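> Got a structure for you, written out below as structure tokens; questions coming shortly.
What follows draws every value from the coordinates through simple rules; no lab data is involved. Keep in mind the model is a prediction, meaning the values are calculated, not measured. Cβ atoms come from the backbone with ideal geometry, glycine included; neighbour counts cover every protein chain shown.
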Amino acid sequence: MSTPGMDRANLRTPLKEVRGLGSAKSGTRHFIVQRVTGIALALLTIWIVGFVLTLVHAGDYLHARELLRHTFAAVWLIAFIVMAFWHAQLGLQVVIEDYVHTSWLEMLSQIAVKFVCAGAALTGVVAVIRIAIGA
Amino acid sequence: MPQNARPLSPHLQVYRWPLSMALSILHRATGIALAIGLLLVVWLLLSLASGPESYAVARAFCASWLGLALLFAWSWALFFHLCNGVRHLFWDVGAGFAKAQAQRSAFVVVAASLLLTALVWICVIAQGGVA
């Protein structure tokens, strides 16, 4: 038996249908994604801190590259980069919404933050892949 | 200023600063700082992908006084945002809202973030520094 409007995969209850959809219809989505990426990052950060300490210990270039050639390391690093920039974009979005009140400037900064986050995330992912496959 | 002198709602500066307010502001500030720090992470990875020369430049920056100061600040920002983020997750499920509990968890967050930062840098120094 499933409740109509219950969307467990996206963590939504049918509450919005009861209350007439809300204003922008997407605020709760933002809230949830911010939390879920946050949980992912909390777990990934524990590993990242250990990995960075290993990198510091490794010292030279060849040793550092060798550490990143392990599939596991590459996967966790890519996951960290994607989650971190996603989480950062969502957080910066709220900061801009709160403090930038000039309409065109707000729109411009929102788009700029999205572009920088997406661009930097892609750059990081490609860098990790290049190292992982030894290119 | 508006023509008519109607009363305005008080803003941040009129309140005494409770610890939870300072932590809330710090959560946002460290979040912004960490977003900038992420760009450095990408730069480091890019330098490692580009070759030994560029990696040497990136490492030299990290070992410089400016680099070390930034890394130290970012490491505390990371642990603070992490600990306080977990505090927020507890609130999100409805736990720890009582005034005394929130006050206690604020102290725990500050202490844990300082402890973790110290721990990481002790590890770094024990390994012979960043360079």
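> How large are Rg and Dmax for the stretch A:12-132 when calculated on the C-alpha trace, in angstrom?
18.5, 60
> Hey, in the GNM for chain B with a 10 angstrom Cα cutoff, which one of B:Ser113, B:Ser75, B:Ser50 fluctuates hardest?
Of the options given, B:Ser50 has the highest mean-square fluctuation.
> Would you calculate the separation in nanometres between label points at B:Val86 and A:Ile129, each defined as 7 Å from the Cα along the Cα-to-beta-carbon direction?
3.4 nm
> Take every Cα pair under 8 Å in chain B that's 6+ residues apart, average their separations, divide by the length, and report that relative contact order as a whole percent. Display every interim value, and only then the final one.
Details: 68 pairs, mean separation 39.5, N = 131.
This gives 30 percent for chain B.
> Right, another one. Points 7 angstrom from Cα along the Cβ direction at A:Met6 and A:Ile39: gap in nanometres?
Using points 7 Å along Cα→Cβ, the separation is 1.8 nm.
> A follow-up question, please. With r as the distance between the Cβ atoms of A:Ala112 and B:Phe107 and R0 = 25 Å, compute the FRET efficiency 1/(1 + (r/R0)^6) and round to 0.05.
That pair, B:Phe107 with A:Ala112, gives E of 0.10.
> Two decimals, Cα atoms only, Kirkwood Rh: what is Rg/Rh over the stretch B:35-126?
Details: Rg = 17.3 Å, Rh = 15.3 Å.
Here Rg/Rh amounts to 1.13.
> Would you mind checking the stretch B:61-90 for residues with the amide N under 20 Å from a putative spin-label position 7 Å along Cα→C-beta of B:Leu115?
Those under the cut-off are B:75-90.
> Next question, about the same structure. Please identify every one of the trypsin sites (Lys or Arg not before Pro) in the stretch B:14-61 that sits in a loop by DSSP and has no more than 10 other beta carbons within 10 Å of its own beta carbon.
In loop regions of the stretch B:14-61 (DSSP not H, G, I, E or B), the sparsely surrounded trypsin sites (Lys or Arg not before Pro) are B:Arg16.
> Can I ask one more? Per residue of chain A, what 222 nm ellipticity follows from adding -39500 (n - 2.57) for every DSSP H run with n ≥ 4, rounded to the nearest 500? Walk me through the numbers on the way to the answer.
Details: 5 runs with 103 residues, N = 135.
It comes out at -26500 deg cm²/dmol, rounded to the nearest 500.
> Measure out, as a whole number of angstrom, how far apart the alpha-carbon centroids of the stretch A:70-96 and the stretch B:29-81 sit.
A separation of 15 Å, based on Cα centres.
> Another one. When chain A is treated as a GNM, springs tying every alpha-carbon pair under 10 Å, which of A:Arg65, A:Arg35, A:Arg12 comes out with the largest mean-square fluctuation?
It is A:Arg12.
> Give me the net charge for the shell around B:Arg59: Cβ to Cβ below 14 angstrom, other residues only, Lys and Arg +1, Asp and Glu -1. Present the calculation step by step, with values, prior to reporting the outcome.
Working: positive: A:Arg65; negative: A:Asp60, B:Glu53.
Result for the local shell: -1.
> Scale the Cα Rg of the protein assembly as shown by the rule-of-thumb value 2.2 N^0.38 Å and send over the ratio, two decimals. Could the numbers behind the result be given before it?
Numbers: Rg = 21.5 Å, N = 266, 2.2 N^0.38 = 18.4 Å.
Here the Cα radius of gyration is 1.17 times the empirical estimate.
> What's the FRET efficiency of A:Leu62 with B:Val14 using the Cβ-Cβ distance as r and R₀ = 41 Å, to the nearest 0.05? Provide the component values of the computation, followed by the final result.
Values: r = 59 Å, r/R0 = 1.44.
Once rounded, the FRET efficiency stands at 0.10.
> Return a whole-number percent for the relative contact order of chain A, with Cα pairs under 8 Å and 6 or more residues apart as the contact set. Spell out each step's value before the answer.
Details: 78 pairs, mean separation 35.0, N = 135.
About 26 percent, as a whole number.
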